[in-house]
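Below is one structure, written out as structure tokens; comments come after it.
The values are calculated or read from the model by the stated rules, or taken from the named source; none is laboratory data. Computed from a prediction, not measured in an experiment: that's the story for all the values here. Cβ atoms come from the backbone with ideal geometry, glycine included; neighbour counts cover every protein chain shown.
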Amino acid sequence: MKRRDFITLLGGAAAWPLAARAQQAGVPVIGFLSLQGRTAGTTPQRMTAFRQGLSQLGYVEGKNVAIEYRFAEGRTDQLPALTIDLVSRRVNVIFATDNAGVQVAKPASITIPIVFSIGADPVTLGLVTSFNRPGGNITGVSFLSSAVMAKMLQFLHDAVPNVSSIAMLVNPANPQAAIDTQDTQEAAHTLGLNLLILSAGSDHEIDAAFMAIVEGHAGALLVEGDGFLGDRRDRIIALSARHALPAMFRGREHVEAGALMAYGASITEADRQAGIYVGRILKGEKPADLPVQQSTKVELLINLKTAKALGLTLSPDLLSIADEVIE
């Protein structure tokens with residue numbers, strides 16, 4: 001056997017017993033399924049928030065619960081194999097952090113409980129029967145990002161009132177993309193704005209999208225809430241700065257990383273709530289009996305340092321309604 005093959009085999013052998021050893025020791029195992037990369041975008045914050053939720057039910061990773069992490073590194077096509085792997089390891093619960101991930105996880109198992117933390121409407125996606133009575137083996141938390149897309153566009157327009165054309169970046173692989181696009185198009189029409197819609201599901205397409213934004217003379221950028229685009233947060237923010245584009249994202253984490261503005265519910269708070277649900281399921285509750293939670297608190301955040309770097313003077317009215325201004 002070649003040394004490289006032996007190392008590969010040894011690595012697989014070391015990885016495989018983790019869930020089995022934990023279960024044999026009476027420790028429950030959670031499958032953590034993410035479209036993002038382990039260290040990219042909002043992932044570190046989301047992992048921390050999820051663990052915090054678990055700890056509220058008395059579960060501490062490495063002590064009385066094990067977590068099998070699976071990251072697709074922004075590649076939607078990797079999700080099916082990662083999900084099948086978790087199912088084959090007979091994890092006790094699967095936690096899915098993205099619209100695409102939970103849609104892949106649902107048909108993969110009708111017995112393993114699945115908890116989600118997503119921006120889409122889970123009823124519209126066919127994940128649950130209703131918010132109050134989810135039915136089946138799936139429940140979770142929705143921060144309904146699509147419901148705030150129109151408001152995001154309004155706030156971005158308020159920040160750059162002289163701009164007549166705004167670009168919108170979406171991931172076509174996101175099952176929520178069509179709804180997000182339609183809602184934003186309707187809002188743009190109402191505001192009298194030209195909306196330049198650009199799709200990006202790869203690094204190359206992100207670069208191409210920014211070239212189209214420059215060629216199309218769009219004066220600002222609205223980024224859809226999406227796992228892949230969130231994974232490429234720093235790249236998008238850097239390109240926005242390079243082209244002097246005011247950028248609007250969905251969550252606090254993006255503004256803290258340098259985006260101009262963000263509006264929406266806290267993703268990390270949703271993940272904390274999801275961690276609580278996973279803990280309750282591990283204690284014996286059934287997903288069908290746990291209503292889907294909805295994050296209703298939304299916040300507007302503005303990065304004043306970024307505004308100054310872009311040469312923007314934001315109106316006192318806009319600054320006054322912001323929940324937080326980062327200086």
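Could we say that V93 is touching a strand residue (DSSP E or B) at 6+ places or on another chain (Cβ under 6 Å) and of a type outside the set (D, E, K, R) here? So V93 fits the description; yes.
A quick yes/no check of all residues on (1) more than 24 Å from E285 (Cβ to Cβ); (2) assigned by TED's automatic domain parsing to the domain that holds A105; (3) modelled with pLDDT of 95 or more:
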residue	(1), (2), (3)
A13	yes, yes, no
W16	yes, yes, no
A20	yes, yes, no
F32	no, yes, yes
R46	no, yes, no
F50	no, yes, yes
L57	no, yes, yes
I67	no, yes, yes
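Counted as qualifying within the range 94-213 are no strands (runs of 3 or more DSSP E), as none has 3 or more residues that are without any contact (Cβ under 8 Å) to a residue 24 or more places away in the chain, within 18 Å of I267 (Cβ to Cβ) and touching a Leu at 6+ places or on another chain (Cβ under 6 Å). Tell me the residue from R250, R280 that is among the basic types (K, R) and crowded, with 23+ Cβ neighbours inside 10 Å, please. Of R250, R280, the one residue that is among the basic types (K, R) and crowded, with 23+ Cβ neighbours inside 10 Å is R250. Every condition in (1) out of contact with any Leu (no Cβ under 9 Å at 6 or more places or on another chain); (2) farther than 19 Å from D180 by Cβ holds for P246 except the one numbered (1). Those strands (runs of 3 or more DSSP E) of the range 218-327 in which 3 or more residues are under 18 Å from I118 (Cβ atoms) occupy 261-265. Can you tell me which residue in the range 62-93 is nearest to G140 (Cα to Cα), limited to those that are part of a helix (DSSP H, G or I) and of a type in the set (S, T, Y)? If we take residues in the range 62-93 being part of a helix (DSSP H, G or I) and of a type in the set (S, T, Y), then T83 is nearest to G140 (Cα to Cα). Check whether at least one residue in the range 290-297 is surrounded by fewer than 15 Cβ atoms within 10 Å (Cβ to Cβ), within 19 Å of G225 (Cβ to Cβ) and touching a helix residue (DSSP H, G or I) at 6+ places or on another chain (Cβ under 9 Å), and report yes or no. The answer is yes; a qualifying residue exists. Taking the stated definitions as given, is V292 hydrophobic (A, V, I, L, M, F, W, C) and under 17 Å from V128 (Cα atoms)? Yes; evaluated as a whole, the condition is true for this residue. Based on this model, can you work out whether R133 counts as in the same structural domain as G37 (by TED's automatic domain parsing), closer than 17 Å to R280 by Cα and of a type outside the set (S, T, N, Q)? It is true that R133 is in the same structural domain as G37 (by TED's automatic domain parsing), closer than 17 Å to R280 by Cα and of a type outside the set (S, T, N, Q). Residues in the range 155-186 that are surrounded by fewer than 18 Cβ atoms within 10 Å (Cβ to Cβ) and within 23 Å of S315 (Cβ to Cβ): D158, P161, N162, V163, S164, S165. Tell me, please, whether a residue that is under 20 Å from the mean Cα position of the chain (by Cα), hydroxyl-bearing (S, T, Y) and under 24 Å from A105 (Cβ atoms) can be found in the range 195-209. Within the range 195-209 (the criterion being under 20 Å from the mean Cα position of the chain (by Cα), hydroxyl-bearing (S, T, Y) and under 24 Å from A105 (Cβ atoms)), the answer is yes, since at least one residue qualifies. On inspection, D226 does not qualify as surrounded by fewer than 16 Cβ atoms within 10 Å (Cβ to Cβ), among the charged types (D, E, K, R) and at pLDDT below 95. Being assigned by TED's automatic domain parsing to the domain that holds F131, more than 22 Å from the chain's Cα centre (by Cα) and small (G, A, S) holds for only one residue in A288, A212, A309, A244, and it is A288.
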